[in-house]
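Comments concern the structure below.
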Amino acid sequence: MKNIERLQTLKRRIGEAVGNAVKASSIELGELTVDLKVETLHDTCKKLITDENFAFDTLIDVCAVDYLHYRQEAGETWDKPRFAVVYHLLSTSRNQRLRLRVFVEESSPMVDSVIDIWKSADWFEREAFDLYGVLFKGHPDLRRILTDYGFVGHPFRKDFPISGYVEMRYDEEKGRVVYQPVSIEPRVLVPRVIREEGYGA
Amino acid sequence: MPEIRNYTMNFGPQHPAAHGVLRLVLELDGEVIQRADPHIGLLHRATEKLAETKPYNQSIGYMDRLDYVSMMSNEHAYVLAIEKMLGVEVPLRAQYIRVMFDEITRILNHLLWLAGHGLDIGAMTMFLYCFREREDLMDVYEAVSGARLHATYYRPGGVYRDLPDRMPQYEPSKWHNQKAVDRMNENRQGSLLDFIWDFTERFPAHVDEYETLLTDNRIWKQRTVDIGIVSPERARNLGFTGPMLRGSGVEWDLRKKQPYEVYDRLDFDIPVGTNGDTYDRYLVRIEEFRQSNRIIRQCVEWLRNNHGAVMVEDHKIVPPDRKSMKHDMEALIHHFKLFTEGFCVPEGQAYAAVEHPKGEFGIYLVSDGANKPYRVKIRAPGFAHLSAMDEMSSGHMLADVVAIIGTQDIVFGEVDR
């Protein structure tokens with residue numbers, strides 16, 4: 001397993017270079033995940049792109065995750081902060097990948113923007129703000145991107161219903177498009193279940 | 001003296017060159033672009049949120065509808081992510097079938113790109129030529145999955161079924177008499193693989209045709225050379241992948257660098273550009289036609305000589321066949337459980353990416369151990385490319401915006417998700 005060895009080397013080097021920023025790091029399914037302290041994110045990213053050993057020249061993806069209902073069906077509650085912002089980095093010169101994760105509380109969902117390090121963060125951060133309401137400090141233009149003009153709320157949060165709150169139709173009398181409370185009955189075709197390992201074997 | 005002000009213009013969302021539903025707010029100084037601000041989201045369907053409410057297998061169909069011109073490549077990334085978390089090893093024959101269809105999809109996608117890109121900047125004939133070849137490939141899709149576009153052919157554990165032994169044939173109708181039908185059926189006498197082989201024999205000559213029309217064409221070059229130049233450093237920083245990155249001279253292709261399925265057993269080359277302009281990206285994609293053709297031929301040869309399963313045997317993930325359900329209680333239970341509940345994926349997270357025709361298409365999957373994903377994040381290449389619209393187009397003329405949209409190969413299904 002050459003891949004695993006390379007990941008372990010990368011993990012060790014990250015520990016050496018930015019050790020005090022790292023909360024936890026793990027290798028699962030051939031991927032390295034590093035959980036960072038939220039306040040150290042920007043400095044760590046700066047190091048990861050400039051340092052020869054890392055050279056993470058491409059930011060592949062930024063996304064938010066809402067852990068509100070994580071393992072709810074198994075009767076567990078999530079004890080870490082509610083939101084995570086996940087960064088997928090890629091180094092084209094060293095051919096390696098890295099996943100960074102920072103957790104933020106619901107009361108102050110604020111993360112430093114990395115737009116000055118990777119320009120591609122621009123729209124990804126706007127998307128995470130739009131869908132989850134995570135704020136990115138230092139982003140010059142944090143507008144909504146995917147939802148409608150004038151949309152209220154952050155639709156991908158777990159407490160936002162799948163059918164939404166409002167629907168739109170054309171009103172004959174008023175001669176324009178109007179919004180009204182949603183008329184779709186929520187329904188679940190296949191309930192969500194968590195089975196223990198080896199279930200039915 | 002009158003005050004000189006920039007002119008703000010709205011482009012799209014209903015504009016034939018907007019490739020769907022792109023709305024661009026352009027700030028112009030005369031005819032020169034100062035700033036381009038794409039407004040996206042008009043095709044937003046919340047695919048990621050919908051996938052969270054459905055068992056894993058029921059979302060495969062949604063993946064087809066993301067980038068609706070390269071359907072199977074999208075499915076591939078999704079299915080790979082699930083397989084990674086389940087720890088499933090896919091049978092070799094299924095891997096070859098997947099690679100073959102990935103490359104067929106690449107040709108399909110590039111054909112539509114060339115058709116649209118050509119049409120946008122004045123080469124009407126390209127559109128007709130490209131659709132001629134697309135027709136054959138969509139017949140291949142139909143023969144194998146029953147659908148010409150949204151195939152839902154890849155499943156966790158393999159592919160839905162083996163390749164058919166007989167290529168479907170045309171039947172006489174009001175519009176085509178027996179003689180015409182016989183002519184149309186000439187290359188459909190054998191199996192699906194024979195038909196694909198026949199296509200790969202014909203296709204390089206067609207690519208030559210396209211090149212005759214465009215590569216040295218003076219108008220084509222005037223519209224594309226030195227338009228939208230991106231340096232390798234900027235391309236990486238802007239999150240470019242696929243032909244957009246290779247056009248800038250970076251030799252990066254997941255099929256070579258991080259091979260998945262059987263790409264490490266196949267022989268093919270990665271074309272790269274030098275200037276990073278629209279013309280180079282055109283040349284890169286044209287060469288990818290030929291390379292994909294090469295890969296398909298190798299796959300056909302292998303598939304002709306090697307038979308076997310195309311799905312894993314594990315009925316916790318894969319439904320049992322109809323026949324065994326009639327007499328085997330176990331099979332009936334498995335079938336019932338799979339279609340009423342689906343399968344549970346172990347807790348954890350995984351990222352799987354494929355070299356999609358447009359770039360790196362990735363799926364980030366978070367599972368909490370349930371029968372539905374906890375979070376699916378779709379990393380669409382077009383999203384990153386379109387976000388560079390401002391940087392690529394500022395300083396160019398208004399007419400060049402159309403060439404830049406074309407070269408980015410934008411499809412709104414994946415940008416808006």
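The values are calculated or read from the model by the stated rules, or taken from the named source; none is laboratory data. Values in this document were obtained by computation on a predicted structure and should not be read as measured data. Here Cβ is always computed from backbone atoms with ideal geometry, including for glycine, and neighbour counts include all displayed protein chains. Keep in mind that these areas ignore ligands, DNA and RNA; they rest on the heavy atoms of the full protein, side chains included. Shrake-Rupley method; radii C 1.70, N 1.55, O 1.52, S 1.80 Å.
Where nothing but the Cβ of Lys and Arg (+1) and of Asp and Glu (-1) is charged, how large is the charge dipole of chain B around its Cα centre, in debye to the nearest 20?
Values: 49 positive and 61 negative charges, 178 e Å.
It works out to roughly 860 debye.
Got a number for carbon plus sulfur as a percent of the protein assembly as shown's accessible area, 1.4 Å probe? All intermediate terms of the calculation are to be shown ahead of the outcome.
On the way: 13750 of 26650 Å².
About 52 percent, which is the carbon plus sulfur part of the accessible surface.
Taking θ = phi - 60°, what integer Hz values does the Karplus form 6.51 cos²θ - 1.76 cosθ + 1.60 yield along the stretch B:142-157, in sequence order, with x for Gly and Pro?
5, 4, 8, 10, x, 10, 7, 10, 8, 7, 6, 8, 7, 10, x, x
Kindly express, to the nearest 10 degrees and within the range 0 to 90, the angle between helix A:41-50's C-alpha long axis and the longest C-alpha principal axis of chain A.
Compared with the principal axis, the helix lies near 50 degrees.
For the ranges B:245-252, B:118-125, B:54-61, what's the packing order if you count other beta-carbon atoms within 10 Å of each residue, average per peptide, and put the highest first? Don't jump to the answer; show the numbers that get you there.
Working: B:245-252: 23.9, B:118-125: 17.5, B:54-61: 20.5.
Ranked from most to least packed, the peptides come out as B:245-252, B:54-61, B:118-125.
From the C-alpha gyration tensor of the protein assembly as shown, pull out the three semi-axes of the equivalent ellipsoid (sqrt of 5λ each), sorted largest to smallest, in whole Å. Intermediate values should be presented prior to the final figure.
On the way: eigenvalues 252, 233, 136 Å².
With the √(5λ) rule applied to the protein assembly as shown, the semi-axes are 35, 34, 26 Å.
Please say if the stretch B:131-195 is rounded, prolate or oblate, where rounded means a/c under 1.5 for a ≥ b ≥ c the square roots of the C-alpha gyration tensor eigenvalues, and otherwise the choice is prolate for a/b larger than b/c and oblate otherwise? All intermediate terms of the calculation are to be shown ahead of the outcome.
On the way: a/c = 2.60, a/b = 1.97, b/c = 1.32.
Since a/c reaches 1.5 and a/b is larger than b/c, the shape of the stretch B:131-195 is classed as prolate.
Provide the per-residue ³J(HN,Hα) series for the stretch A:166-180, in order, calculated from phi with Karplus coefficients 6.51, -1.76, 1.60 and θ = phi - 60°, each as a whole number of Hz, with x at glycine and proline positions.
Taking θ as phi minus 60°, the curve returns 10, 10, 10, 8, 8, 9, 4, 5, 6, x, 8, 7, 10, 9, 8 Hz for the stretch A:166-180.
Give me the accessible area buried between chains B and A, both sides summed, with a 1.4 Å probe, in Å² rounded to the nearest 100. Walk me through the numbers on the way to the answer.
Details: alone 18620 and 13110 Å², together 26650 Å².
That pair of chains buries around 5100 Å² in total.
Could you work out the mean count of beta carbons from other protein chains within 10 Å of each residue's beta carbon in A:190-199? If you can, show how the numbers build up before the last one.
On the way: counts 10, 5, 10, 8, 8, 6, 2, 4, 1, 4.
Average per residue, whole number: 6.
Using a 1.4 angstrom probe and counting only protein chains, how large is the accessible area of B:Asp253 in Å², to 10?
The accessible area comes out at roughly 0 Å².
Using only Cα atoms and rounding to the nearest 10 degrees, what angle (0 to 90) does helix B:92-120 make with the longest principal axis of chain B?
Rounded to the nearest ten degrees, it is 30.
Taking the Cα centre of the protein assembly as shown as origin, work out the dipole magnitude from +1 charges on Lys and Arg Cβ and -1 charges on Asp and Glu Cβ, in debye rounded to 20. All intermediate terms of the calculation are to be shown ahead of the outcome.
Values: 78 positive and 94 negative charges, 154 e Å.
Here the size comes out at about 740 debye.
Using only Cα atoms, locate the centre of the stretch A:131-177 and the centre of the stretch A:2-40, then give the distance between them in Å, rounded to an integer.
Result: 36 Å between the Cα centres.
Measuring with a 1.4 Å probe in the full set of protein chains, what accessible area per residue, in whole Å², belongs to chain B?
39
Per residue of A:67-74, count partner chain C-beta atoms within 10 Å of its C-beta, then hand back the mean as an integer.
Numbers: counts 4, 0, 4, 7, 5, 2, 5, 4.
Taking all residues of A:67-74 together, the mean is 4.
If the cut-off is a Cα-Cα distance under 17 Å, which lysines reach A:Lys158, setting aside same-chain residues fewer than 8 apart in sequence?
A:Lys158 reaches A:Lys80, B:Lys49, B:Lys54, B:Lys372, B:Lys377.
Under a Cβ-only charge scheme (Lys and Arg +1, Asp and Glu -1), can you give me the dipole magnitude of the stretch A:48-96 about the Cα centre, in debye to the nearest 20? Could you put the intermediate results ahead of the total?
Values: 4 positive and 8 negative charges, 14 e Å.
I would put it at about 60 debye.
Rolling a 1.4 angstrom probe over the protein chains, ignoring ligands and nucleic acids, what is the accessible area of B:Lys256 in square angstrom, nearest 10?
90
Hey, which lysines would be in cross-link range of A:Lys46, C-alpha to C-alpha under 19 Å, not counting anything within fewer than 8 residues on its own chain?
Answer for A:Lys46, where 19 Å is the Cα cut-off: A:Lys11, A:Lys23, A:Lys37, A:Lys119, A:Lys137, listed by chain and number.
Based on the alpha-carbon gyration tensor of the stretch A:2-146 and its eigenvalue square roots a ≥ b ≥ c, which shape applies: rounded if a/c is under 1.5, prolate if not and a/b is larger than b/c, or oblate? Walk me through the numbers on the way to the answer.
On the way: a/c = 1.85, a/b = 1.21, b/c = 1.53.
Verdict is oblate for the stretch A:2-146.
So how far, in whole Å, is the C-alpha centre of the stretch B:120-183 from the one of the stretch B:264-284?
27
Using Cα atoms only, what is the angle between the long axis of helix B:71-86 and the major principal axis of chain B, expressed in degrees (0 to 90) to the nearest 10?
Its long axis makes an angle of about 60 degrees.
Could I have the simple spin-label model distance between B:Glu209 and B:Leu50, label points 7 Å from Cα toward Cβ, reported in nm to one decimal?
Label at B:Glu209, label at B:Leu50, 3.6 nm between them.
Quick one: plug the Kirkwood hydrodynamic radius of chain B (C-alpha pairs) into Stokes-Einstein at 37 °C, 0.692 mPa s, and report D in µm²/s.
Working: Rh = 22.7 Å.
Estimated via Stokes-Einstein, D reaches 144 µm²/s.
Per-residue HN-Hα couplings for the stretch A:116-122, Karplus 6.51 cos²θ - 1.76 cosθ + 1.60 at θ = phi - 60°, whole Hz, x for Gly and Pro?
6, 9, 10, 5, 5, 5, 3
So how exposed is B:Leu238, as accessible area in Å² (1.4 Å probe, rounded to 10)?
In the full protein context, B:Leu238 sits at about 0 Å².
How shielded is A:78-86 by partner chains, expressed as the average number of their Cβ atoms within 10 Å of its Cβ atoms? Intermediate results must be reported in sequence, preceding the final value.
Working: counts 1, 0, 0, 0, 0, 0, 3, 0, 6.
Per residue, the average neighbour count from other chains is 1.
Please arrange B:Arg183, B:Arg148, B:Arg35, B:Arg218 by accessible surface area, largest first, computed with a 1.4 Å probe and ligands excluded.
B:Arg218, B:Arg183, B:Arg35, B:Arg148
If I model a spin label at A:Ser183 and B:Lys174 as a point 7 Å from the Cα along the Cα→Cβ vector, what separation in nanometres do I get?
Rounded to a tenth, the inter-label distance reads 3.9 nm.
What order do B:Asp208, A:Asp66 take when sorted by accessible area (1.4 Å probe), most exposed first? It would help to have the intermediate numbers written out before the result.
Numbers: B:Asp208 75, A:Asp66 5 Å².
Most to least solvent-accessible, the answer reads B:Asp208, A:Asp66.
Under 27 Å between alpha carbons, and skipping anything fewer than 8 positions from A:Lys174 in its own chain: which lysines qualify?
Partners found: none.
Does the stretch B:275-417 come out rounded, prolate or oblate by the C-alpha gyration tensor, with a ≥ b ≥ c the root eigenvalues, rounded set by a/c under 1.5 and, if not, prolate when a/b is larger than b/c and oblate if not? Could you put the intermediate results ahead of the total?
Details: a/c = 3.68, a/b = 1.80, b/c = 2.05.
Taking the square roots of the gyration eigenvalues as a ≥ b ≥ c, the stretch B:275-417 is oblate.
Mind jotting down the distance between the C-alpha centroids of the stretch B:201-242 and the stretch B:32-57, whole Å?
27
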